[in-house]
Every structure is written in structure tokens, then in C-alpha cells.
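One structure is given here, and the rest of the page talks about it.
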6 protein chains.
Amino acid sequence: MRVLFPGRFQPFHLGHMAAIQWLLNKYDKVIILIGSGQESHSIYNPFTAGERLIMIRESLKEYDVDFRKVILFPIMESFTNKNWIRIVEMYSPPFDVIVSGNPLVYTVAKEAGYLTDQVPIFNREIYNATRIRKLMLENDPKWGELVPKSVYKFIKEIGGDERIREVTKSDYC
Amino acid sequence: MRVLFPGRFQPFHLGHMAAIQWLLNKYDKVIILIGSGQESHSIYNPFTAGERLIMIRESLKEYDVDFRKVILFPIMESFTNKNWIRIVEMYSPPFDVIVSGNPLVYTVAKEAGYLTDQVPIFNREIYNATRIRKLMLENDPKWGELVPKSVYKFIKEIGGDERIREVTKSDYC
Amino acid sequence: MRVLFPGRFQPFHLGHMAAIQWLLNKYDKVIILIGSGQESHSIYNPFTAGERLIMIRESLKEYDVDFRKVILFPIMESFTNKNWIRIVEMYSPPFDVIVSGNPLVYTVAKEAGYLTDQVPIFNREIYNATRIRKLMLENDPKWGELVPKSVYKFIKEIGGDERIREVTKSDYC
Amino acid sequence: MRVLFPGRFQPFHLGHMAAIQWLLNKYDKVIILIGSGQESHSIYNPFTAGERLIMIRESLKEYDVDFRKVILFPIMESFTNKNWIRIVEMYSPPFDVIVSGNPLVYTVAKEAGYLTDQVPIFNREIYNATRIRKLMLENDPKWGELVPKSVYKFIKEIGGDERIREVTKSDYC
Amino acid sequence: MRVLFPGRFQPFHLGHMAAIQWLLNKYDKVIILIGSGQESHSIYNPFTAGERLIMIRESLKEYDVDFRKVILFPIMESFTNKNWIRIVEMYSPPFDVIVSGNPLVYTVAKEAGYLTDQVPIFNREIYNATRIRKLMLENDPKWGELVPKSVYKFIKEIGGDERIREVTKSDYC
Amino acid sequence: MRVLFPGRFQPFHLGHMAAIQWLLNKYDKVIILIGSGQESHSIYNPFTAGERLIMIRESLKEYDVDFRKVILFPIMESFTNKNWIRIVEMYSPPFDVIVSGNPLVYTVAKEAGYLTDQVPIFNREIYNATRIRKLMLENDPKWGELVPKSVYKFIKEIGGDERIREVTKSDYC
């Protein structure tokens, strides 16, 4: 059975990694879908699709995941409406189950006729992308403990945490 | 004379129905335009274009409206900029008048050279889509009294009020 | 049961009208879908979505069709890829069957999980939109016998056959 | 050397004008890029791209700028993501430097490999588009002192300040 | 009075230049609209919008045109449907007349309610973009005599005629 | 060094496979980019992006390629204009070289500042997607020898060769 795991991964953190490991144990194949691929350089979506793709690939290597069991690609849609599920159906091998911690994603997945599944919670208060971006914004180094080592290394290399602080000074919205 | 009646109809309520009846008395033809057709499953736009199309058709039947005097279709644009008026011109039979309770729609309609008209107010404090969505969100059954019976029946059938409560738990925005 | 009848209707002709009458006898509701709604003023797509909507409505009146059994709306997609079916699902009430004389539409409909149906042939060599446009282009009045009277009247009113001859002189393609 | 000066110019004010004069002294050519060209009739983006184009052209005339040193055009993108820079590269003659008072624009410009420059500050507390729109909204005539005379004249002619007050009454957002 | 002069300008040639001079004598302002701005690197549309913008500006300088009387900008639409006229209305200062040697453009302009005008013919058999591209393709230097000197210089600088020969070898279409 | 290998892969054949093996020997990482991801069910683009993704993954497994050295994803753009290179830059990890047998892709790659490389020819007369689609269309089983075994198996499973014959009967274009 194939499971779809959609997320924005802004950034990819240890909660995502644990979810993927749990899914790899239960399903034949895990399709990791990077949503809102067209967004970047904002406080809500700081990283480009390409940067998030690197974060995830490097983490999969770090955790020694078999790449043949993982399919990974970005889409340009956000998850805020129902269309994304159609885009994925065009872009992806068929899948049976959609898994997500997000109620909107669940509702849409069920209405589109998919099975859904629930990843056991890995301390969502701690491993939480919104919280991580907030720590980056406040220049609090604690965010480094919440992401895979390779994600930490990559974000520091590209100056990603500084980018969040920079773009936040902008008065565009 | 043909009048255009644009709205999001999230959901279609008794105030809309009264407006349409008033317009049918005054004009030869009423073009009901469902805006933001691409949006759904959000607190601001819970229902798909197709669902809103059903709500309106069922209400027109309930109120015994002559379908030959009504033209009804959705567009993918929202009313927040000036482009929608051009899309409608492509999609719709020509019309002479635009009617709406919304100042932005009025401003754009006038600048595009259309006549405008004003529907007498049908108790906007009560028959108000924002208020109806709020009641649904709070699981207050009073919303049922504010919509045509067929809309109530349809929303309950598809679990529409529950959907609002579900998607609101989402942290996407 | 609801049936979807997709077409470009460039223009709407007597073959289309016969198909709709046949479908109305067999199904509860017929959803007439105007495709390539964004195209117009070309030899292949001379009429705007709005103009085609008028042609169809006037023909339905001419043939005394019960408007409550018909749902009619345009989409901006063409039928040359698979996406249009998703757009329709967003815009339309649910349907069970897709009917079309076009093999591509059939293939896509079946792959998307829909039932398909076949309208008995109404002399396709004669009632054929490509042929009608060719007659218009050659200024051969015979095209008038191939469309409902109200379509003929409407096209003459808007100078539609002349438009085809005009835009064909263009060297854009 | 060519410099790109991107802005929304909602509206074009004396701070923009001073920046352009400073840039014309330092660079061979100034490319003025009107962003968010598709937006209009909102409190944040009240004026259409065409209206902003007129404001800027009339101001350049008022300040006797050599039109041969200025290239001016709108794009449909906003500056909130990274894509706009690619659109500009398609639409514009090549440029070497990007200048902007906006940190997000800076970050993106640098990451795309461009030189950046900083216009000395011309009293940003006073000459500030957000402040000007606020004054218009409050019907405070003081906004007239913050824009070139030709901008003031043009906005009054088209009823632009009244438009802001009108569209703000709308409950769309 | 303001006149709109739409074209693809692939490339800008002496016939275009003569037309602009004729228009500048007759009208207060000439709005030169570069269409199909999103296209480039094909045999039909070899040059980017930015490159065409340079060609036109350099030619205007060569022919000593008063830049204050000219408004020049690209749009992303082609002229093959009716939508481009709405995009221009958003992007451009208002205009009264549309001038073009293309029947499709005429038809659309008239239907949209604009006046139209006709530039006296400047030997269209000779000064003709399709012919110029064909000469480039066949590496026949005669094309150089059909364009302003500054266009010739620019195209040679960027290797534009070679580009046409290169991309034509491609089997994409 | 990272190399980008763009193609439509309609279908993925032994020439593509040989190219990838050659590239994997020479470069650290090969980014396989599926273009025209939005197209399907036409004679020129019979397979969806998801189907092509499966073909490529199964072939990589068949030829025992190390998945960690390969990045694979679809984009919605075709290669017929210059924009696709910007989309890839957003979606992909950075790359240094672009390799393709297509002159248009080369021209664009060079102009965008990338290194280019040439895969030694693997009998392009034989291993050629256009030829393979033609064989499928003529129901000539020889196409099976030109693709990896897993591609053959997959296409037969989904009835892909029959689909080509079906959709070709369509009169849309």
C-alpha cells in the first residue's frame, strides 16, 4: 500500500522524520509531497521548494532510509483548497492512503474518497514548524535541536535563519 | 433589461433569495454569478462552486422561480480586484445593470461603465452569510432559520456545517 | 441519474440538440458543459462562452425543454488534457455518466472512474461543427439549415459568420 | 550601469521622486518597475497599473526628467516571493543593480546574484505610501503635500482618494 | 487623442517604424504594446519581451522620436483571443483608437467599442516580420536592410539571427 | 558536480536510460526533470507526469541505479520557452550543467549562464520517442524492444499503447 504524506516542511523537523519512519514501517511506499512549492522568502514559507527538497533528502540519508521506498516531489499548490489533490493525482503514482496531522487535509482527503491514517503524536508541542520559525526569528539557537542535524547544517550554510529575520523587516504582506 | 447579481453565496440564504425575487420583478433576466468558484473548505469559503450551484438551484425550485428567467454560473475569480468583470463579460450574455450590496463591487461596476441598482435591505443584520457561518462554527442550530429549507437540507446532507468546524481546526491560513 | 454532456459547441447545432433530447429522455438531469470557454475569435473557436451560452439557452427554449432538468455552464479548460474533469468536479453538481462522441473524452472519463454512454448517431457527416464553420467561412448559406432557428437568428444578429471570415484573414496563429 | 527600482507606487510620492533623481545622477539608466500590476481597488493597492503608470510619467515630466534615461513598465507579480525577479528578466533590458528600501527585495536580489544599492533616506516617516493611504482614508487633505503636484491633480481627477474610502466599506478581504 | 499600436514586433522593422511616425503626426500619444511577451526562442517568436523593448527604444532614439509622446510596455497575452484587450485596459493609460494591420485585432477592437484606424501601407510585401524571420533562418543578409540600423546592430550583438537557426533544429513544437 | 537532464520522456526509453548511466558515471548527481507535466492523453504527450515518474523509477531499479544519486521530479512547464529554467531553479537543488539533445534547450541553457554537456549518441534513429509513439500507434510490437522491460510491463498494464490509438481518433487538436 502507498501512503501520501503532504506537508509544507517549513522547515523539515524531527517530528516529520519520526512520522516518515513510522510510515515506512507500515506502508510499502511513502510519497512525500512538498506543498506551497511556489512560496518562499516569507515568514510563513521561508524556504524554496528546492531547499526543502534538499533538507528532506539529506535527512533521509542521515537516517539511512531506503530511497527506493520514498517518492518525493513538490507541487505549486497550497493545501488551503481542494485542488491540490487533483494536481497530486496527475503528478504522482497512485496512492491509497493520505496521512496528515491537519484537519483540513483530512476533510478533503476523505471527501475525495481516500483512506486516511493518523501518525501517533511525536510531541507536537515541541516538534512544530511554527514554533521553529519563531525561534529562528528570535535568534534563539534552540531551534537547532528540533531538526535533523543535516537540516541544521544546511540552513546555516544558506543563511536560512538569518533570511527569516531579514524578510520579516519587510513591510510587504 | 438584464441584471447581474454577483455573490459568493457562502451559503445562499434568505436575504439572497429575497433579492432575487425582487430583481425578477424588476428585470427581464437575472444573471446570478457565483464568485470565488475556486475556493472551498475554508472558514470564509466553506462550499465548492458545485455545492453553491446546487443550493441556488434547489432554492429557486423551492420558491417556484421560472428557470428561463435566470442564468446561473460560477467563475474562478474573486471580487477583490477589477478583473472579474472582464471574465464575466466573456462568460455571460450581455447585461445592463450590476446589483450588489458591496461597495467595492459598486465602485468597479461604475468605473467599468455599468448601471448599478440597489436592492432594498432585507434585514442585513439577520440575513448575513458571515453571521451564518459563525453560527455553524459555534454549532448553533439557529442558522437553519436563515436559509431556504432546501439549503438547510442540502448542507445537512453533505455535512457542511460540520465541515466548517473541522477545517477551522487547521493551522493553515 | 445525472449525465454530463461536454462540448465546445462552436456552434451549437441540430446534432447537439438531438443528443440533448435523447439524453433528457434517458437521464434525470443533463449537465451541458461548454469547454474552451476562454477561446473565441478564431476559426476553430469563433464564439465566446457567453455567446455559446445564449445559443444553447435559446435552442432549449425553441425546443421547449424543461430548464429545471438542465444545468449549463462554461469552463476555461479545453478537453485536450485530463485536467478539465477535475475542474468540472469542482464546478458541477455530482454526475454519474459522461457522454461524448469524442474518443479522448471517453478515455479520460473511463480512467477517472465514470460510466460512459453513447448517443445514437444523428448523421454526423451532416450535423458537424467543423463542417458548419467551413460553410460559414465559404459564405455558403447552407449552414443555416444545420443549426436550430434561434442559433441561426442569433449568429446573424451578432455577425458571427462574418466574424469567422474576418478573423481568418489574420496571419496570427 | 543600469539600475532596477521596483515598487508598488500606491501612490507614487515625493520620496519615490527624490529616489529616482538620485538614481539618475548615479546610473546610466533607471528601470522603474511597477509591481502588483494586477491589483487595484483595495486599501493596500488602490490604483491600477495604468493609473500608476500615468502618475509616474506625469511626475517625470513635472520634474523635467529625460525620458530616454528611464524605462517604465508594470508586471503582474507581487514582490512577496522570488518569482518576480524572473519575470523582470524576461520583460526588461538587462540590469546590474537592484535598489529598494525593502529588506525582502534586498534578500531576493542578492540571492539572485545582483548588486544592490541603497538610496539615502528622504524622511521615510513622512514620505511613506502607507501613511498617505491612511490620510486619504481619513479624508485628511495633508496627503496632497506628500506627492508630486501632477499626482495630486491626477488622483483628484479620477476620484482616487474617494475610491479608497469607498472600497474600504466592503466586507470582502 | 491616444492611439494603441499593438504588435509582436518579432522583430521590430522599418514598416513598424514608419507606422509609428505616421501615428505620432496624427495622435497626441502612441501606446506601443508588445504582445506575446511571454514567448521567446521559437521560430515564430524568437525574441524576449525585454529584447523587443530594447529594439523599439533604440529605434525611437535613432529616429529622434520624442519619448514623452510614446508609452511602451509588454503584456503576457497573445492577440489570438479577446482577453488581451482587458489586460491592456488594466495596464495602460486610457486610449481612444486601436490601429493594426491585423483583421483579428480589428474585429476584437470594434467589438470592444474602440475606434479603429488604418495606417497607410508601407510596402507590406517587403517590410514584413514573417519574411524577415525567414531570411534570418536562411542566413540571407538581406534582412538587415529591412530593420532600423539599431535593430540590426542589437540583433547581431545578441546573436539573434543565429538563435533562430539554432532553435529551429529543435524537434519540440 | 550536479547535472540537469530535462526531457518529456514520452515514453522513457533505452536511449534515456543509457544517457542517465553515462551521466551517473561523470557527475555526482543527476537531476531528471520531467517536462510538460500537465500534458497527457495526446499523441504527442500520451502519459501523465505520474506515469512517467513510475516508468523512470522502475527503470532505475531495473538497472540497479543508486537512488541517492538521482533527483527526479516533474514540472508543469514545457521546454518551448525560456520560463521553465526559472521554475526548475525554484524547485530543484542547484545544478551546474544542463545536458540535452535538443538545440532549443541548449540555447536557453547557455543564455541562462549554465554549462552544457553532450551525451554521446546512442543510436538516436532507433531509440527515439517519436518513433516509439508511432510504432504504438500502428500497433507494431517492435516498440517493446526500445524501452526498458519495466517500462514495457507498466505500459501494457495501464493499456498505454491502446490509449494512444484511442485518443488519436479524437478530432480535437
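The values are calculated or read from the model by the stated rules, or taken from the named source; none is laboratory data. Everything quoted here is computed from the prediction, not taken from an experiment. Because the Cβ atoms are built from the backbone with ideal geometry, glycine has one as well, and the counts that use them run over all protein chains shown.
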Looking at the stretch A:134-173, which of the residues that are within 14 Å of another protein chain (Cβ to nearest Cβ) and of a type in the set (Lys, Arg) is nearest to residue D:128 (Cα to Cα)?
A:169
All but one of (1) surrounded by fewer than 19 Cβ atoms within 10 Å (Cβ to Cβ); (2) within 24 Å of residue D:106 (Cα to Cα); (3) of a type in the set (Lys, Arg) hold for residue A:133; which doesn't?
(1)
With D:142, D:134, D:149, D:156 as the choices, which residue is touching a residue at least 40 places away in the same chain (Cβ under 8 Å) and under 22 Å from residue D:51 (Cα atoms)?
D:149
Filter the stretch F:93-103 for residues that are part of a loop (DSSP other than H, G, I, E, B) and at pLDDT 90 or above; the one that is nearest to residue A:73 (Cα to Cα) is F:93
Subset of the stretch B:9-57 [of a type in the set (D, E, K, R) and modelled with pLDDT of 95 or more]
B:26, B:28, B:29, B:51, B:52, B:57
Would you confirm, using the coordinates I've provided, whether residue E:107 is at pLDDT below 95 and within 18 Å of residue E:133 (Cβ to Cβ)?
no
I'd like the residue in the stretch D:110-136 that is of a type in the set (S, T, N, Q) and out of contact with any Lys or Arg (no Cβ under 8 Å at 6 or more places or on another chain) and, out of all such residues, is modelled with the lowest pLDDT.
D:123
Any residue at all in the stretch C:54-76 that is small (Gly, Ala, Ser) and buried (at least 21 other Cβ atoms within 10 Å of the Cβ)?
yes
Within the stretch E:1-92, considering only helices (runs of 4 or more DSSP H) that don't extend past its boundaries, which have at least 3 residues that are within 10 Å of chain D (Cβ to nearest Cβ) and in contact (Cβ under 8 Å) with a residue 24 or more places away in the chain?
E:49-62
So which residues in the stretch C:1-44 are among the basic types (Lys, Arg) and within 18 Å of residue C:121 (Cβ to Cβ), if there are any at all?
C:26
Can you pull out every residue in the stretch C:127-142 that is within 16 Å of the chain's Cα centre (by Cα) and not in a loop (DSSP other than H, G, I, E, B)?
C:129, C:130, C:131, C:132, C:133
Which of the residues spanning the stretch E:104-126 are surrounded by fewer than 15 Cβ atoms within 10 Å (Cβ to Cβ), over 19 Å from the mean Cα position of the chain (by Cα) and either assigned to a helix (DSSP H, G or I) or among the β-branched types (Val, Ile, Thr) (or both)?
E:110
Residue hits (the stretch E:122-131; touching a residue at least 12 places away in the same chain (Cβ under 8 Å) and of a type outside the set (Ser, Thr, Tyr)) are E:122, E:123, E:124, E:126, E:128, E:129, E:131
Within the stretch C:120-173, the residues that are under 23 Å from residue E:101 (Cβ atoms) and basic (Lys, Arg) are C:163, C:165, C:169
Being over 19 Å from residue F:12 (Cα atoms) and within 9 Å of another protein chain (Cβ to nearest Cβ) is the filter here; which residues of the stretch F:93-111 pass it?
F:93, F:94, F:103, F:104, F:106, F:107, F:108, F:111
Could you list all residues from the stretch E:160-173 that are surrounded by 14 or more Cβ atoms within 10 Å (Cβ to Cβ) and either assigned to a loop (DSSP other than H, G, I, E, B) or of a type outside the set (Val, Ile, Thr) (or both)?
E:160, E:161, E:162, E:163, E:165, E:166, E:170, E:172
